[in-house]
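Structure first, then comments.
The values are calculated or read from the model by the stated rules, or taken from the named source; none is laboratory data. On a predicted model such as this, the values are computed, not experimentally measured, just so you know. Because the Cβ atoms are built from the backbone with ideal geometry, glycine has one as well, and the counts that use them run over all protein chains shown. The area values use the complete protein model at the heavy-atom level, side chains included, leaving out ligands, DNA and RNA. Shrake-Rupley method; radii C 1.70, N 1.55, O 1.52, S 1.80 Å.
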Amino acid sequence: MTNPFFKNHGPFKIKKIFDIINNNSQLKKENYKIYDIKDLTLSTSKDITFFHSKKYSNVASITKASFCITTDSLKHFLPPTCSPIIVENVLLSLSLITKAFYPDSINDDFDNTVKEIAKTNFNKKTRHGNNILIGKNVKIGKNCSIGHNTIIEKNVIIGNNCSIGSNVIIRNTIIKDNVFILDGCVIGKKGFGFFPNNKLNIRYPQIGIVLIEDNSEIGCGSTIDRGSISNTVIGKNTFLDNQIHIAHNVKIGNNCIIAGQVGFAGSSIISDNVMIGGQAGISGHIKVGNKVQIGGGSGVIKDIEDNSKVMGYPAKDLRQFIKQNK
Amino acid sequence: MTNPFFKNHGPFKIKKIFDIINNNSQLKKENYKIYDIKDLTLSTSKDITFFHSKKYSNVASITKASFCITTDSLKHFLPPTCSPIIVENVLLSLSLITKAFYPDSINDDFDNTVKEIAKTNFNKKTRHGNNILIGKNVKIGKNCSIGHNTIIEKNVIIGNNCSIGSNVIIRNTIIKDNVFILDGCVIGKKGFGFFPNNKLNIRYPQIGIVLIEDNSEIGCGSTIDRGSISNTVIGKNTFLDNQIHIAHNVKIGNNCIIAGQVGFAGSSIISDNVMIGGQAGISGHIKVGNKVQIGGGSGVIKDIEDNSKVMGYPAKDLRQFIKQNK
Amino acid sequence: MTNPFFKNHGPFKIKKIFDIINNNSQLKKENYKIYDIKDLTLSTSKDITFFHSKKYSNVASITKASFCITTDSLKHFLPPTCSPIIVENVLLSLSLITKAFYPDSINDDFDNTVKEIAKTNFNKKTRHGNNILIGKNVKIGKNCSIGHNTIIEKNVIIGNNCSIGSNVIIRNTIIKDNVFILDGCVIGKKGFGFFPNNKLNIRYPQIGIVLIEDNSEIGCGSTIDRGSISNTVIGKNTFLDNQIHIAHNVKIGNNCIIAGQVGFAGSSIISDNVMIGGQAGISGHIKVGNKVQIGGGSGVIKDIEDNSKVMGYPAKDLRQFIKQNK
């Protein structure tokens, strides 16, 4: 899939990429053309990828990428078809390469391609309120409703039978059918990703999207950040209450129920049929299994197995929590 | 009181209601007309009510409703004037009946009756900013101020001396005198109520309102959902800080002080003169007594007696919390 | 510094100030003119100040103010150049005096001086979206970007190279260079300050500002309240994620990283290079030292020393938290 939202300024020859990351090591295929930067799973032989944590050694071992930015201690996990590029800081190098491919993905200035809906062909096609702005190349399906003051930025795709509330901002997002986005949501902004750096942090490019699957609902005032290099995904028939915060790269499964003010840190995976009580927090880079129930106010800081019921800060087995708090 | 916001499509004969919930049991007064569906307390002899938890057996025993959807194990609490209708799932049957009476209460599409304030008689009557939208049948008292980009949807009633901020959305709400609603609030949206159902959850009709009493203040970016079948109420002289979430049917008393980012799950009751510290969470269906003080960050998961000071997750006696955390 | 946002209705003779607070005690310099009310540190000999807690005895002992509202038990900390004015409730008296100097600082009605940006000289000077409102005397530097529907109220000052998102509201705020304010923020509203009073709370005047230093970023949907009598400050190169709440008078240092949904109660001080995980809460009037790391979900209720790593509710040493929660 080509990136639907950010213009790819590639391809670049691999020797150009070595320049970008200040890598002077010897290079065999210096004119090999790299078309995109993708994660270990999505890469093809035309792409460069990155591998920075042993946690991903399984997917690393079968990546189809031709090149991979990684470290000396991780390179042996890669298949023979993938040439390791050894760097000191994988994520910083990744950031520099991504910025070269997608220079527009770093800042999130307002969309200057928007027009008032009355001047677009959506004026007749959708039920809509006042003062709505629609960007270039937006697609909206049949039988949709869009509330007052809402901004749908360029290239956003919305399916059929969707209801978008008032004061909503959507960018870098694909919304499937029968989805409800309630008032005041901000969907698809850049994630909170950067390299801390005294006096001037280095912003990390955020080239992923937000994907909201069929039949889901997003409560008022929620914020869902787009992915950095993979996508942020809300599964089918998953309902979110008000004031929920979902960071970049989070993937939430199908049929989940998430109560108000829950927060998800970056890159966590929530499986199917998960229920989460109000104000719970889910740490970054963890996995919550299927049919898990998480009590309100819990702080989940490690993986949770399928069918578990947990509560507490840190979250533990529910029966244990109740016993300890009699 | 007739419902001020949703059109009642009744009355229905009781035999029609039996059809709606697929109930084939024998029926005496099959042509008896039912005018509305109300909770146990508000029902009159013209109404149908529902009773799904032993917790409500006291009010059930004195309900004036002629019919009550309930279960076999609860029916004996009802007075002889009230005929029980035995169902498997009280709330699901309630949902189907409510939907029949109030079909417009399920989705929350934008109000298409709004006009720019300049085209209404509020243009002269209120101090107001730019780009304000006012729905049909809105009432606004004397000496009110309304900020820029604010949307006041149809039938909303606002008293005297109120200050409504900018970027506010209000629907299905009655606001009394001298109330401050700060910027970016969303007041009166449907609550987070539905029956989980694989592939396509069944939305629960939300026919209640939000009632905000005299002299109260609602902080920036707060969300207050309207009641499902009863109302969501904010008492007199109660002040809420920013980013507070109040779910459907919550009732907060008079003279309460609620700090930032506090969340209330559905149907909880907070009595008078209650103080709640920042980020505390109040579980659903519990009661917090008068003059209770709840420390910041607490998770309140059971009823709290009058005059208590509590803190912790779960919340316990404050002295005990301090002792255990020395 | 004169207050940039609220008109000072002074000077008042000291005998007038005694009247305002109903103080009948004998008075030597009754015609001495007081030009402003300031905190202990900022006061000059032309100002009146206040001193209500032993915690501030060090700064009290070197204040340059000529008069100080305080209590009998604290007055001996003041230098001989500062005449104590003994009152029962320092903060209530402070409130009355502040209201006399700055009567416009109590309510936060919308700014009625705004014009559409197309009718201002910023139309050409800044990149900007649609439906933007700009108040009187606003200053905006070079190379700034302002998103759709944003409101910049009177007297706000914005530096160079700033990016202001869409649906943002800014008032009573000074923003330095290279600052990013993302979508839906409300910056500079009055803090949550009042004296609880049965039936009708007494609002406390909020005459401070918000100051956001160079290179900082404020995430979507965050709220930053202006100071009451001192200022709310966000330091240089400090990045805030989405849905953060910062109460009045909070001071956050340089190079801090604050994750989503964190809340800060009033008057807390966060030093430099502090990292705070998601959903943590910081109590009021405490100090967090340099290079402190605070785990997600923590509740910080006392001062934290430099270089500490803490987690938990209440927050404790991180190793202890991990040990106790194995």
Candidate set: segment C:119-147, residues that are exposed (fewer than 15 other Cβ atoms within 10 Å of the Cβ) and farther than 12 Å from C:I158 by Cα; chosen: the one nearest to the other protein chains (Cβ to nearest Cβ): C:R127
Note on segment A:291-320: residues farther than 19 Å from C:G299 by Cα and within 14 Å of chain C (Cβ to nearest Cβ) are A:I294, A:K302, A:V310, A:D317, A:Q320
Those residues of segment C:91-113 which are out of contact with any Asp or Glu (no Cβ under 7 Å at 6 or more places or on another chain) and within 11 Å of another protein chain (Cβ to nearest Cβ) amount to C:I106, C:N107, C:D108, C:D109, C:F110, C:N112, C:T113
Residues that are among the aliphatic types (A, V, I, L, M): list the strands (runs of 3 or more DSSP E) wholly contained in segment A:10-94 that include at least 2 such residues. A:83-86
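Condition check: modelled with pLDDT under 95 and open to solvent by less than 20 Å² (accessible area, probe 1.4 Å). Does C:T98 satisfy that? Please lay out each step first, then the result.
Working: modelled with pLDDT under 95: yes; open to solvent by less than 20 Å² (accessible area, probe 1.4 Å): yes.
For C:T98, the condition - modelled with pLDDT under 95 and open to solvent by less than 20 Å² (accessible area, probe 1.4 Å) - is met.
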Restricted to segment C:1-40 and to residues being of a type in the set (V, I, T) and within 21 Å of the chain's Cα centre (by Cα), the residue nearest to C:D72 (Cα to Cα) is C:I37
Say we look at segment A:1-26 and pick out the residues that are surrounded by fewer than 15 Cβ atoms within 10 Å (Cβ to Cβ) and of a type in the set (S, T, N, Q); which of these is farthest from A:P103 (Cα to Cα)? A:Q26
Within segment A:186-207, residues more than 9 Å from chain C (Cβ to nearest Cβ) and touching a helix residue (DSSP H, G or I) at 6+ places or on another chain (Cβ under 9 Å) come out as A:G193, A:F195, A:I202, A:Y204, A:P205, A:Q206, A:I207
If I ask for residues that are of a type in the set (V, I, T) and under 18 Å from B:A259 (Cβ atoms), which ones from segment C:277-288 would you list? C:I282, C:I286
With the requirement that a residue be surrounded by 14 or more Cβ atoms within 10 Å (Cβ to Cβ) and of a type in the set (K, R), what does segment A:288-309 give you? A:K291, A:K309
Of (1) more than 26 Å from B:D108 (Cα to Cα); (2) open to solvent by 50 Å² or more (accessible area, probe 1.4 Å); (3) under 22 Å from the mean Cα position of the chain (by Cα), B:G253 satisfies all except one. Which? (2)
How many residues does segment B:101-113 contain that are open to solvent by less than 20 Å² (accessible area, probe 1.4 Å) and either within 17 Å of the chain's Cα centre (by Cα) or over 26 Å from B:K13 (Cα atoms) (or both)? 4
Looking at segment A:208-215, is at least one residue among the β-branched types (V, I, T), in contact with a Gly (Cβ under 8 Å, 6 or more places away or on another chain) and within 22 Å of B:F192 (Cα to Cα)? no
Looking at A:G312, A:G299, A:G278, can you tell me which residue is modelled with pLDDT of 95 or more and touching a helix residue (DSSP H, G or I) at 6+ places or on another chain (Cβ under 6 Å)? A:G312
Hey, can you tell me all the residues within segment C:233-267 that are away from chain A (no Cβ under 14 Å) and either touching a residue at least 40 places away in the same chain (Cβ under 8 Å) or touching a helix residue (DSSP H, G or I) at 6+ places or on another chain (Cβ under 8 Å) (or both)? C:A247, C:H248, C:N249, C:G266
